[in-house]
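A.B. asks: Handing you this structure, nothing more for now.
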Amino acid sequence: MIILKIISKMTENELLSEINKLKKSDIKQVIDKRMNAFSQISRDFDSLFRELAFCILTAGTSAELGIKTIAHLGNTLFNGSQEDILKKLKEVYRFHTIRAGYIHEARESFRKLDINSPVIRDELVSNVKGLGMKEASHFLRNVGFENYAIVDFHIVDILEKHNLIEKPKTLTKNKYLEIENILKKLADKLKMSLGELDLYLWYL
């Protein structure tokens, strides 16, 4: 009960203070290096599609499994049939059937999209199966677009803990955008991008 009372009193200012402390620590160098790596990724189809497939594969699993699976797929990711992708996925990945279909379909649908479109996130969600708002935002951040929020339950928990939101029962598109707007205001106060803020929140 004591812990709950303390948590209920936590505020936005305390969250800002926590992040500002991290900005003055060695963590800043780690995050700056990571953000620089995102900005340096090549914009050729293979590099972008590899990141897209990674985000499809990590949905509901983990980054570690996504990295392992992408490495295991190798060139099959780019030139294999759906059956070839399925066979490779089955060796290392639990959700092999449905994700094989997603990746195979995405290889063609993604070619038709303009990565620099001002509405690219909506286009990704509409045209690439397996991508919701979170996964599309994750992909865009990973290829150098810094002003999209990656809203998952970890981020929701932190915001709820600091009385910035009430935890939603479901994360609809409108609710996602509402939370993203709250994160944008935090990022502005911290003088950082949403991509940077996401990494600091993950560290917390």
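The values are calculated or read from the model by the stated rules, or taken from the named source; none is laboratory data. Every value quoted in this text rests on a predicted model; they were computed, and no experiment measured them. Cβ coordinates were reconstructed from backbone atoms using ideal geometry, including for glycine residues, and neighbour counts include every protein chain displayed. The protein model used for the area step is the full one, side chains on, heavy atoms only, and it has no ligands, DNA or RNA in it. Shrake-Rupley method; radii C 1.70, N 1.55, O 1.52, S 1.80 Å.
A.B. asks: With a ≥ b ≥ c taken as the square roots of the eigenvalues of the C-alpha gyration tensor of the range 1-96, please select rounded if a/c is under 1.5 and otherwise prolate if a/b is larger than b/c or oblate if it is not?
C.D. replies: Working: a/c = 3.97, a/b = 1.89, b/c = 2.10.
Oblate.
A.B. asks: Moving on. In Å², what does the accessible area per residue of the chain work out to with a 1.4 Å probe?
C.D. replies: Numbers: 11540 Å² over 204 residues.
Dividing the accessible area of the chain by its residue count gives 57 Å².
A.B. asks: Can I ask one more? Mind telling me which of Asn147, Asn181, Asn116 comes out most flexible in a GNM of the chain, alpha-carbon contacts under 10 Å?
C.D. replies: Asn116
A.B. asks: Which residue, Asp84, Asp44, Asp157, tops the fluctuation ranking in a GNM of the chain built on C-alpha contacts under 10 Å?
C.D. replies: Asp44
A.B. asks: Carbon and sulfur: what percent of the range 30-121's accessible surface (1.4 Å probe)?
C.D. replies: 50 percent
A.B. asks: Give the relative contact order (percent, whole number) for the range 70-148; include only Cα pairs under 8 Å separated by 6+ residues. All intermediate terms of the calculation are to be shown ahead of the outcome.
C.D. replies: Details: 61 pairs, mean separation 14.6, N = 79.
For the range 70-148, the relative contact order is 19 percent.
A.B. asks: Here are a few candidate values for Rg/Rh (Cα atoms, Kirkwood Rh): (i) 1.03; (ii) 1.00; (iii) 0.92. Which one was actually calculated from the structure I just gave you?
C.D. replies: This structure yields the entry labelled (ii).
A.B. asks: Run the paramagnetic zone check for Phe95: 7 angstrom along Cα to Cβ, then residues of the range 122-150 with backbone nitrogen under 18 Å.
C.D. replies: 124-140, 150
A.B. asks: Using only the alpha-carbon atoms, how far is helix 173-190 inclined from the longest principal axis of the chain? Give it as 0 to 90 degrees, nearest 10.
C.D. replies: Roughly 60 degrees, rounded to the nearest 10.
A.B. asks: What spacing in nm lies between the two simple spin-label points modelled at Asp188 and Trp202, each 7 Å away from Cα in the Cβ direction?
C.D. replies: 2.5 nm
A.B. asks: In whole Hz, with x marking every Gly and Pro, tabulate ³J(HN,Hα) for the range 67-84 from phi via Karplus 6.51 cos²θ - 1.76 cosθ + 1.60, θ = phi - 60°.
C.D. replies: 4, 4, 6, 4, 4, 5, 5, x, 6, 4, 4, 9, 10, x, 6, 4, 5, 5
A.B. asks: Heavy atoms only, 1.4 Å probe, whole protein assembly: order Thr58, Thr97 by accessible area, highest first. Could you put the intermediate results ahead of the total?
C.D. replies: Details: Thr58 20, Thr97 90 Å².
Reading off the accessible areas and sorting them downward yields Thr97, Thr58.
A.B. asks: Once every DSSP H run of n ≥ 4 in the chain is given -39500 (n - 2.57) and the sum is divided by its residues, what mean residue ellipticity at 222 nm do you get, rounded to the nearest 500 deg cm²/dmol? Can you show the working numbers first?
C.D. replies: Working: 13 runs with 141 residues, N = 204.
About -21000 deg cm²/dmol.
A.B. asks: Let me check something: with ligands and nucleic acids excluded, how do Asp114, Asp122, Asp152 order by accessible area (1.4 Å probe), largest to smallest?
C.D. replies: Details: Asp114 85, Asp122 60, Asp152 20 Å².
From most exposed to least exposed: Asp114, Asp122, Asp152.
A.B. asks: Can you give me the convex hull volume of the Cα atoms of the range 163-204, divided per residue and expressed in Å³?
C.D. replies: Numbers: hull volume 3.5 nm³, N = 42.
Given the Cα convex hull of the range 163-204, per-residue volume reads 83 Å³.
A.B. asks: Something else: Let me check against my output: what whole-number percent is the relative contact order of the chain, with C-alpha pairs under 8 Å and at least 6 apart?
C.D. replies: Values: 199 pairs, mean separation 52.7, N = 204.
About 26 percent, as a whole number.
A.B. asks: Here's something else I'd like to know. List the lysines whose Cα lies under 17 Å from the Cα of Lys173, skipping any in the same chain that are fewer than 8 positions away.
C.D. replies: Partners found: Lys129, Lys134, Lys184.
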